[in-house]
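See below for the structure under consideration.
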Amino acid sequence: MEKVKIRRELLEYLLELARDFYPNEFAGFLREKDGIFEEVLIAPNPHFGRSSAFFDTWMLPYDESIKGTVHSHPGPNPRPSRADLNFFSKFGGVHIIIAYPFVEDSVRAYRSDGSPLRIEIVK
Ligand SMILES: [Zn+2]
């Protein structure tokens, strides 16, 4: 399985955001540097649905370092919803979903077609 690399500090921050937003979802865009996800931009006005965080793509800032998205699921299912997959397919890139209870084990990464990626946490 291919893998995606993410900084430990960023992952911990994302887990914290997911807990802070609970029971709502949060959504953001991920910035990559030298093949490693390093930074999150919180989506300014995502539409939060019951089972999917839905981004307005036109709000996407023009930024070539944005290579993925992240959002939380307030339930324990880390699989992308139908709306998620629809969005992923438009955006491309890598998509991280953080499911309840928002610990490292509940984080999953997917390609834009919904197939899973392994996550490597780097220092
Ligand atoms: Zn979702």
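The values are calculated or read from the model by the stated rules, or taken from the named source; none is laboratory data. Here the structure is a predicted model, which is why all the values come from computation and not from measurement. Here the Cβ is made from the backbone with ideal geometry for all residues, glycine too, and neighbour counts use every protein chain on show. Areas reflect the complete protein model, heavy atoms only, side chains present, ligands, DNA and RNA absent. Shrake-Rupley method; radii C 1.70, N 1.55, O 1.52, S 1.80 Å.
Residues that are within 20 Å of E16 (Cα to Cα) and open to solvent by less than 20 Å² (accessible area, probe 1.4 Å) number at least 2 in the following strands (runs of 3 or more DSSP E) confined to region 73-123: 94-99, 107-111.
For region 97-113, the set of residues classified as in contact (Cβ under 8 Å) with a residue 40 or more places away in the chain and within 10 Å of the ligand (Cβ to nearest atom) consists of I98 only.
Scan region 42-64 and give yes if some residue there is modelled with pLDDT of 90 or more and either within 14 Å of the ligand (Cβ to nearest atom) or surrounded by 12 or more Cβ atoms within 10 Å (Cβ to Cβ) (or both), otherwise no. Looking for residues that are modelled with pLDDT of 90 or more and either within 14 Å of the ligand (Cβ to nearest atom) or surrounded by 12 or more Cβ atoms within 10 Å (Cβ to Cβ) (or both), one finds none in region 42-64, hence no. The residue pairs whose first member lies in region 67-95 and is among the charged types (D, E, K, R) and near the ligand (Cβ under 9 Å from one of its atoms), whose second member is open to solvent by 30 Å² or more (accessible area, probe 1.4 Å) and at pLDDT below 95, and whose beta carbons are closer than 6 Å, counting only pairs six or more residues apart or on different chains, do not exist in this structure.
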